[in-house]
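The values are calculated or read from the model by the stated rules, or taken from the named source; none is laboratory data. All values reported here derive from a predicted model rather than from experimental measurement. Ideal geometry is used to build each Cβ from the backbone, glycine not excepted, and the neighbour counts take in all protein chains shown.
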Amino acid sequence: MKANPRMIALGISGIGLILLGAAVAFYIPYLQNNANLSAVTPVDISAVPAKVQFDAPSLSLADLNGVEHSLSDYRGQTVLVNLWATWCPPCKAEMPAIQDFYSKYQSEGFNVVAIEDGDPTTDVAAFVNQFGLTFTVLVDPTYQATDRAFKTANLPSSYVIDRNGQVRLEWVGAISEQNLEKYVIPIIKE
C-alpha cells in the first residue's frame, strides 16, 4: 500500500501542533514561577494622536434634551470632540478615561463634546446613564459629524480643538487617560 503524501503532511503537522501545545503548557508555569513580574510595566495600547492644523468644522447637533449645540459655541475653550457609537467596544472602553479627564480639567476651560453616531436616542440615553457621563453628548442620526464635518468612517475618532477654533490633534481608536494627559494638557495650558 502506497502512503498518501497529503496524509503524511497532515500527520506531521498534527504531531507538531501537539508538541507545540505541550511545550507551551510546560513553559507558562515556569514563567509564572520564575519571572520577575513586578518589573513588567503595563503597555499603553491606546491610540496616539496625529498633529493636525485645520479650522474646526461648522457643525450643529442636538443633545439628548433636544437643545441645539454648535462647535462654535465652545470657542475660547479647549474641546475634545469624540465620535462614538453605543455598540462600539473601543468606544465603551475609552469612556471612563474621557469622563475622568473631563472631571479633572473642566475648571481649566476643557470641555468634551461626544457625538453619538446614529443610534436611537433611547439607546444613547441608556449608555450615558450606564457610564455616568456628565459632559455634552450630542446625537447625530444623519451622520453629519462622520460623513461631512470630520470625514471619517472610524469609530471612535477624536479631535482636539484649541481655544482659537483650530483642530490640533486627531485620534483614531480608543484614548487612554495617560495619552489625554500627555497630549491635551499642553493645549489646555496655552
Regarding Tyr159, is this residue closer than 13 Å to Ala56 by Cβ, hydroxyl-bearing (Ser, Thr, Tyr), in the same structural domain as Phe101 (by TED's automatic domain parsing) and surrounded by 15 or more Cβ atoms within 10 Å (Cβ to Cβ)? yes
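Just for region 98-135: of the residues that are of a type in the set (Val, Ile, Thr) and outside any helix (DSSP H, G or I), which one is nearest to Ser72 (Cα to Cα)?
Checked region 98-135; the qualifying residue nearest to Ser72 (Cα to Cα) is Val113.
Evaluate the following for Leu169: is it touching a helix residue (DSSP H, G or I) at 6+ places or on another chain (Cβ under 7 Å) and either of a type in the set (D, E, K, R) or assigned by TED's automatic domain parsing to the domain that holds Asp117 (or both)?
Yes; evaluated as a whole, the condition is true for this residue.
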Subset of region 98-125 that is under 12 Å from Asn82 (Cα atoms) and charged (D, E, K, R) - its residue that is surrounded by the fewest Cβ atoms within 10 Å (Cβ to Cβ): Asp117
When restricted to Gly165, Gly132, the only residue at pLDDT 95 or above, of a type outside the set (Phe, Trp, Tyr) and under 25 Å from Pro186 (Cα atoms) is Gly165
Quick one: in region 78-97, which of the residues that are among the small types (Gly, Ala, Ser) and assigned to a helix (DSSP H, G or I) is surrounded by the most Cβ atoms within 10 Å (Cβ to Cβ)? Ala97
Could you tell me whether any residue of region 180-189 is assigned by TED's automatic domain parsing to the domain that holds Leu83, within 26 Å of Ser58 (Cβ to Cβ) and without any contact (Cβ under 8 Å) to a residue 40 or more places away in the chain? no
Could you grab me the full set of residues in region 136-176 that are closer than 13 Å to Leu83 by Cβ, in a strand (DSSP E or B) and polar (S, T, N, Q)? Ser157, Ser158
If you go through region 104-137 one residue at a time, how many are in contact (Cβ under 8 Å) with a residue 12 or more places away in the chain, hydroxyl-bearing (Ser, Thr, Tyr) and more than 22 Å from Asn164 (Cα to Cα)? 2
